[in-house]
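> Here it is: the structure, laid out below.
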Amino acid sequence: MSRRSRSQAAQAAAPTTVHIPRQRGRGRQVPPVIVVVSEPPTLTARATMATGRFLWRHRRAWAPTGIAVALLVLASILHLFAPWTGLIAAAAGLVPLGWLAWMAKTRPAGRTVWVWRIPLAGLALAGFGWLSLALWYGPASAVLMGLWSLTALAVQILWLTAGRTTVKGHS
């Protein structure tokens, strides 16, 4: 048995036919052996895999952006098939204001809590407002894409800020 090993250059090559020399003691010719080596991934595939690994490792931190992209796709599909759902989303847009009034009545809090409650209700109201307009007019309009970008950016910054300022172990 031969102790020769293949070089690294042979592993990076395309599928190749390798002829194994005749061994001692054998009278017949050995057929060629085909060695299949996978192609190295392209730059695009490597960049896609790196981006996917980054997003998977940091999936909790990028959750608002993922939700915003999913909402954009959902709004695009619903606008094509059922634009009347914008009326339902407009009615659901009153939910954040009702939540704010309910929290004021049932759980009175100090100023620092209201510093978080009011922007959260405002962002939810902006999200429902954007969704209702996107369902009615289509999310691809320039104004709605700008609003989507600003709202997604604001929610992402708020999410990252809240994650750094909250104390672990407290509710």
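> How many residues, within region 132-144, are over 12 Å from residue 83 (Cβ atoms) and assigned to a helix (DSSP H, G or I)?
Count: 3.
> For residue 86, state whether it is open to solvent by less than 90 Å² (accessible area, probe 1.4 Å) and at pLDDT below 90.
In short, no.
> Additional query: For region 59-68, name all the residues that are more than 20 Å from residue 126 (Cα to Cα) and open to solvent by less than 80 Å² (accessible area, probe 1.4 Å).
Passing the criteria: only 61.
Every residue, every condition in (1) within 26 Å of the chain's Cα centre (by Cα); (2) β-branched (Val, Ile, Thr); (3) surrounded by 13 or more Cβ atoms within 10 Å (Cβ to Cβ), yes or no:
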residue	(1), (2), (3)
70	yes, no, no
76	yes, no, yes
98	no, no, no
101	no, no, no
109	no, no, no
135	yes, no, yes
142	yes, no, no
150	yes, no, no
160	yes, no, yes
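> Okay, moving on. Residues of region 82-119 being under 17 Å from residue 71 (Cα atoms) and not in a helix (DSSP H, G or I), which ones?
82, 83, 84, 93
> Of the residues 91, 50, which is open to solvent by less than 70 Å² (accessible area, probe 1.4 Å), of a type in the set (A, V, I, L, M, F, W, C) and over 14 Å from the mean Cα position of the chain (by Cα)?
91
> On to the next question. What pairs can you find where one residue is in region 130-146 and on the phi > 0 side of the Ramachandran plot, the other is at pLDDT below 95 and not in a helix (DSSP H, G or I), and their Cβ atoms are less than 9 Å apart, with a gap of 6+ or different chains?
Once the first residue is on the phi > 0 side of the Ramachandran plot and sits in region 130-146, its partners that are at pLDDT below 95 and not in a helix (DSSP H, G or I) give 138/83.
The values are calculated or read from the model by the stated rules, or taken from the named source; none is laboratory data. In this text, all values refer to a predicted model and were calculated from it rather than measured experimentally. Quick reminder, even Gly has a Cβ in these numbers, built from the backbone with ideal geometry, and neighbours come from all protein chains shown. Surface accessibility is based on the protein's heavy atoms, side chains included, excluding ligands, DNA and RNA. Shrake-Rupley method; radii C 1.70, N 1.55, O 1.52, S 1.80 Å.
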